[in-house]
Amino acid sequence: MRHRKNIAIAADKDYIEVSNSFDKEEKRIPMSNLFSSSKRVFVLCLAIRMVNSLLVQTYFNPDEHWQALEVAHHITFGYGHLTWEWEKGIRSYLHPVLFSLLYKVLAVFHLDTPWLMVRAPRLLQSVLSAIGDLYLYKLSQVMFGEHVAQWALFSQLTNWFMFFCITRTLSNSLETVLTLVGLYYWPSMRVSPSEVPLVSRKWGLVVAALACAIRPTSAITWVYVGFLELFLTRHRLKFIFLEVVPIGVLVLALVCLLDRLMYGLWVLVPLNFLKFNFLSSGGDYYGTHKWHWYFTQGFSVMLFTFLPFSIAGIMLSKQWKLSGLVAWVLGLYSLLGHKEFRFVLPVLPIALMFSGYSLAKIRRPRSSDGEKKGPISICTRCPSNMQLAVFFLLATNLPMAFYMSLVHQRGTEDVMNYLSKEAHNGRVKSILFLTPCHATPYYSTLHRNLPMRFLDCSPREEEGSLDESDQFLMDPVGFASEFAKNWSLPSHIVLFDSQEKLLKDFLVLHSFHEIRRFFHAHFKVDRDLQASVAVYALEGQ
C-alpha cells in the first residue's frame, strides 16, 4: 500500500509540474517532420524568403539603394554616386562590401544583366533573412519550447512589415538578422543563463560588435543585453576585461582597417556617427516626430493585427527580460527627434515571438475535464478559436504585404528598370531627375556610366537655407527655368505627375515629349500625391 501511495504522490507531482508549467511541457513535445531539424526549418525559411524577395518590387526608403547598392556599385565598377554621408565618414563600408562582392561575382561571369543587377542583391538578402528566421525559431525554442517556436515562426513569416522590409538591402535588415543571432547566444537572455556554456557568450559578443559596426545605433540594444549579463554573471571582471574589451577592440580594429582601405584615410565611423546624429541632432534635418510616435503609430503599424497577440504573449509568458528589451529600444529611440519605421525593425521579431506564444496557448484546447490536450499538428483541423485567429491574421497581413510590396510606390523602381534596359540598348544618353532627391534608384540599377543629375538635398551649414530639392518643390517652374540656363541638355527627364502638370510648357519649350508613364501610388505619403512617374525624351531620341 505504501508503495502504491508513493507512486500516486509521484504521479500527482508530475501532473502538477506539467499543468502549472506551460513552457516546460512544451519542450517535451515531439517535433513534426517539417520541424524535425534546423536544416529543414532553414530550407523552409529560405524558400519563402527567396519568393518574398522576388515579390518586393516597390520603393520604400532611399538608403536601400543609396547607402548600400550605390556604394557597392561604386566599389566594384568604379562609378556610382556617394552621398554626403560618405564624404563626412559617418558610414562604414562593412555593409556595402557584402554587395560589392556579389557584384564582382556577377561581373566575372558576365551575369551583370539588368534583371540580375536588380534581383541578385535582394536574393542575397533573402539568404541572410532566412538565417534570421531560423534564429528566431531557435531562440523561441530554447525560451518557450518547440510548439511556441513554430507559431513564432508563423508570426514572423506572415507579418506584413517583415515581408515588406526584411529582404530589402537596408543595413537595418542585416542589423535585425544579427540581433536575432546574437540574442540566441547571450546567456542573459535565456530562462536559465547558467545552463549556457560561456563560449556561447563570446559568439554573442562578436555578433553584437558586428551589428554595432554596421549600425552604431545597434548599441542601444546591446547596452541593455550587456548590463543584464553583467548583473547576472558571477565573473564580472572576466566578462569585462577578458571578453568585452578584447572582442570589441578586435572587431573595431578590423572594421577601422577596412574603412581605412576604402576611405583612403583613418576614419572612426562610430564617433562621426555619434557626433552627427546625437550631439548635433543632424538627423532632425530629415524631419521629426512626437516623442510617442513609435508607441502610438510606428511600432503599432509594424505589428499591425499581431499587436493584441503580442501584448497577450508578454503578459502570459512573463518573460520580462525580452519584453524589457523591446520597451528599452522603443523608449530610447523615442528620445531622438528623427524617427523611422526601420530604426526599430530589430525588435519587431521579439514582439512577434510573444505573438507566437499567445497563439500557441490558443492552439492547445482543453478536454472536458479541464486538462490540456496534447498538441495537434498545424496542418490538421484547428479548433474554431484558432481558425478565427489564423484567418484574421492572414486576412489582414497578407493583402497588406502584397499591396505594399507589389503596388504602393512601385513607379520609381519601374522607371529605372525601364531606363536600364533602354540604356543597355543605347537609347539613353543622359538623364535629369526633376524629382525630390533620392526618389529613385540610381547607377546600381541603370548599370551604365552615363551622365545623370538629381536635385541635391545634403544638410546645409546655414540654418534655414533651402536645398535644391526644397527649392524645386516650392517653385518647380522658376527653379527649372533658372536651372536650364546652365544645363547640359539631357536626353531624358524623369518627374512625378504632380510637378509635370506645372512644367508642361517648360518641357514643350525645350522640345521634350512624353514617352512612358508608370503608376506609382494611390495615396500620398509625406508629400502631395505622386500618382505616376513620367519619362520625357528629347525630340529625336
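The values are calculated or read from the model by the stated rules, or taken from the named source; none is laboratory data. As the structure is a prediction and not an experimental result, all values here were calculated from the model. Here Cβ is always computed from backbone atoms with ideal geometry, including for glycine, and neighbour counts include all displayed protein chains. Just the protein is used for accessible areas: all its heavy atoms, side chains included, with ligands, DNA and RNA removed. Shrake-Rupley method; radii C 1.70, N 1.55, O 1.52, S 1.80 Å.
For region 410-538, calculate the relative contact order in percent as a whole number, restricting contacts to Cα pairs under 8 Å that are 6 or more residues apart.
Details: 202 pairs, mean separation 34.8, N = 129.
Over region 410-538, the number comes to 27 percent.
Which percent of the accessible heavy-atom area of the chain goes to carbon and sulfur, probe 1.4 angstrom? Each step should come with its number before you reach the end.
Numbers: 15760 of 24900 Å².
About 63 percent, which is the carbon plus sulfur part of the accessible surface.
At a 10 angstrom cut-off on C-beta neighbours, averaged per residue, how do the peptides 39-48, 487-496, 155-164 rank from highest to lowest?
155-164, 487-496, 39-48
Give a quick list of chymotrypsin sites (Phe, Trp or Tyr not before Pro) in region 209-280 that DSSP marks as loop, anything other than H, G, I, E or B, with at most 15 other Cβ atoms within 10 Å.
Details: sites: Trp222, Tyr224, Phe227, Phe231, Phe239, Phe241, Tyr263, Trp266, Phe273, Phe276, Phe278; in loops: Trp266.
Filter output for region 209-280: Trp266.
Using alpha-carbon pairs under 8 Å, 6+ residues apart, how would you state the relative contact order of the chain in percent?
Relative contact order here is 16 percent.
Can you give the FRET efficiency for Asp470 and Lys504, using 1/(1 + (r/R0)^6), R0 = 25 Å, r = Cβ-Cβ distance, to the nearest 0.05?
Result of the calculation: an efficiency of 0.65.
Can you compute the charge dipole magnitude of region 410-538 about its Cα centre, using +1 on each Lys and Arg Cβ and -1 on each Asp and Glu Cβ, nothing else charged? Give it in debye, rounded to the nearest 20.
Dipole magnitude for region 410-538 comes out near 780 debye.
Quickly estimate the mean residue ellipticity at 222 nm for the chain, helices only: each DSSP H run with n ≥ 4 gives -39500 (n - 2.57), and the total goes over all residues, rounded to 500.
Result for the chain, helices only: -18000 deg cm²/dmol.
Distance cut-off 21 Å, Cα to Cα: go down the list Lys138/Lys238; Lys339/Lys524; Lys238/Lys275 and report the pairs above it.
Check vs 21 Å cut-off fails for Lys138/Lys238; Lys238/Lys275.
Counting only protein chains, not ligands or nucleic acids, how are Ser36, Ser334 ordered by accessible area (probe 1.4 Å), most first?
So the residues, ranked largest to smallest area, are Ser36, Ser334.
Treating the angle as unsigned and between 0 and 90°, give the value, to the nearest 10°, between the Cα long axis of helix 198-214 and the longest Cα principal axis of the chain.
Around 20 degrees separate the two axes.
Label points 7 Å out from Cα along the Cβ direction at Glu482 and Phe295: separation in nm?
Using points 7 Å along Cα→Cβ, the separation is 4.4 nm.
Take the alpha carbon atoms of region 223-254, find their center, do the same for region 415-450, and report the distance between the two centers in whole angstrom.
After rounding, the separation between the Cα centres reads 47 Å.
Stretched out fully, how many nm does the piece from Leu274 to Val127 gain, at 0.36 nm a residue minus the Cα gap?
Contour length minus the Cα-Cα distance gives 49.8 nm.
Cα atoms only, region 410-538: Rg and Dmax in Å?
Cα radius of gyration and Dmax of region 410-538 are 14.3, 45 Å respectively.
Mean projection of the alpha-carbon convex hull of the chain over all orientations, in nm²?
29.6 nm²
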